[in-house]
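Worksheet: one structure, shown below.
The values are calculated or read from the model by the stated rules, or taken from the named source; none is laboratory data. Everything numeric here is computed off the predicted structure, so don't read it as measured data. Please note: Cβ atoms are built from the backbone with ideal geometry, for glycine as well, and neighbour counts cover all protein chains shown. Protein only, heavy atoms only, side chains kept; ligands, DNA and RNA dropped before computing areas. Shrake-Rupley method; radii C 1.70, N 1.55, O 1.52, S 1.80 Å.
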Amino acid sequence: MVSRVIPVEPFDLIIFGGTGDLARRKILPALFRRYCAGQMPADARVIGAARSDMSRDDYRDMAAEALREFGGGRACEDGTVAGFLDRLDYVQVDARGEAGWEDLASLLGEPRIRAFYFSVSPDLFGDLAQRLTDHGLTHDQTRIVVEKPFGHDLDSAKALNTALAAHFVEEQVYRIDHYLGKETVQNLMAVRFGNVLFEPLWNSQFVDHIQITVAETVGVGGRGEYYDHAGAMRDMIQNHLMQLLCLIAMEPPAKFDPDAVRDEKLKVIRALDSVLPHHIVRGQYDAVAGDAEHQGYREAVNNPRSTTESYVALKAHISNWRWTGTPFYLRTGKRLVARSSVINVMFKKTPHSIFGLEAGGGPNILSIRLQPNEGITLAVTIKEPGPGGMRLIDVPLDMTFAEALGPEGEDPPDAYERLIMDVIRGNQTLFMRGDEVEAAWAWTDPIIAGWKARGDVPKPYDSFSIGPGDADELLRRDGRAWRGIKP
Ligand code: NAD
């Protein structure tokens, strides 16, 4: 099956922070893949803008190296790398000074779709927005793209929103949460709202509970300083896991359009109850004994008394007609046993078993796997084949894309490919609106403030384990258990 490529209009994409890690690892490879797919118009241009003093050729060399290292996936035919690099330009600018802005202005020329990607530290967002305006670089086809973290708490998120709102209307601001760009996450909406089967069951009458797990095997790596000020709650729950929760829990929007979808997500966040202290577990990973490469969290962040969590598990309740009585269990952590992001919708048992409880089988589970091996599986109960009476087993109805969709499914577009093209198309559906981000912080802040007030210390857990034992207890006392992390 060959997917349709819908060309976009000619554009200029300016990457502030164009020499940084995110640009090299994600943004440039994503653009390259869209170029290979034939989605980039012939006169689209990508301009790296950063502090380093380098020529256009140096930048193209850097980009070529980045594509070699991170390009991955579908190979372009010979010669196309050169074609893509031809579209790249570079300008040295200082977000905090005047250097380079006139050069950028002269590179831009005719007004057309102009996307400024702020792939820099958030404390530069206000400066960049101000200078773009001062130098007359914005017009009504201008969009700006901002990365996470969008704020450290509610106050700082509000300050960022205010700084951006001084120069741009909300329709011009694209706040990235790359989880929303994942094929499976969009498929979750397709499954929910494109089929008649699921929606009638999608409520507390039929869903026992929902588990959302985002497990990583990596530790904090080189991000120790940032991470120790953030922790798993700010780095993962406030954005990625809450976005997934919103898409699972929201009411059907009237249309698949940006404000209709985001209005519904916002209602979910606003309907979340405060989390009780005994409904949340924090952890910090230990070193692997005798293995200098796998330091414990505190050594990795160089803070022997750090009380920042590298793991969180919590039970959330949504107080509305659809979900009262169905808990949402969220967990995320670093240095866990496997890299696995999965949502499990755990349906209730049948009201009565005509086969007798000893026959086994059930309940139904809809598993939405984000990584690895994106796909959706529905566990259904059938009869175990063969003679020997009516014994039941659960088999997966597998919607794994690799099998169902052939090569397209094996190599779905990276989230950044989708999201960047949506910016160019001017479609904000998969981006967070300012009020959504603020509402998410308003829910998260009291949890973090509670830990601080109580002097809470995260529980240690073994590296490459399933996390602290208390997280199991969180479900066990409700008569439930986590689904295994390993996919
Ligand atoms: P980085 O430190 O690797 O790169 C920073 C870039 O900003 C460089 O190109 C640098 O030249 C430029 N820069 C710094 N100060 C500047 C100034 N005064 N004027 C102009 N340019 C300046 O950072 P990164 O890892 O690429 O991250 C960029 C942003 O994306 C950050 O907000 C980060 O939190 C976010 N982010 C990064 C990742 C990732 O995987 N790297 C993932 C999610 C979000």
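Just a few scattered comments:
- Ordered by solvent-accessible area of protein heavy atoms (1.4 Å probe), largest first, the residues ASP103, ASP291, ASP53, ASP228 come out as ASP53, ASP103, ASP291, ASP228.
- Accessible area per residue in Å² at 1.4 Å probe, computed on the chain: 44
- Mean Cβ neighbour count within 10 Å, used as a protection proxy, ranking 327-335, 385-393, 262-270 highest first: 327-335, 262-270, 385-393
- For the stretch 122-199: rounded, prolate or oblate by the Cα gyration tensor [a/c cutoff 1.5]: prolate
- Full-extension gain in nm, LEU397 to ASN373, via 0.36 nm per residue minus C-alpha separation: 7.1 nm
- When each of the peptides 161-171, 89-99 is scored by the mean number of other C-beta atoms lying within 10 Å of its residues, the order from highest to lowest reads 89-99, 161-171.
- Across the stretch 255-268, computed HN-Hα scalar couplings (Karplus, 6.51 cos²θ - 1.76 cosθ + 1.60, θ = phi - 60°) run 9, 7, 10, x, 6, 4, 5, 6, 4, 5, 5, 4, 4, 5 Hz from first to last residue, x flagging Gly and Pro.
- The chain, accessible surface, carbon-and-sulfur percent (1.4 angstrom probe): 53
- 5 angstrom amide H check on PHE116, placed H, neighbours 5+ away: ILE14, ARG143, ILE144, VAL145
- Among the listed pairs LYS26/LYS486; LYS182/LYS334; LYS267/LYS486, those beyond 28 Å (Cα-Cα): LYS267/LYS486
- Three principal axis lengths of the chain [C-alpha, angstrom, descending]: 77, 55, 48
- Across the options ILE280, GLN295, MET346, the greatest Cα extent toward the positive end of the charge dipole of the stretch 180-476 (unit charges at beta carbon of Lys, Arg, Asp, Glu) belongs to ILE280.
- Helical content of the chain, expressed as a calculated mean residue ellipticity at 222 nm, amounts to -9500 deg cm²/dmol (DSSP H runs of 4 or more residues, -39,500 (n - 2.57) each, divided by residue number, nearest 500).
- Whole-number D in µm²/s for the stretch 202-302 (Stokes-Einstein; Kirkwood sum over Cα pairs; 4 °C, 1.567 mPa s): 78
- Cβ crowding within 10 Å averaged over residues, with 276-283, 35-42 ranked highest first: 276-283, 35-42
- Relative to one another, the C-alpha centroids of the stretch 251-306 and the stretch 314-362 are positioned 18 Å apart.
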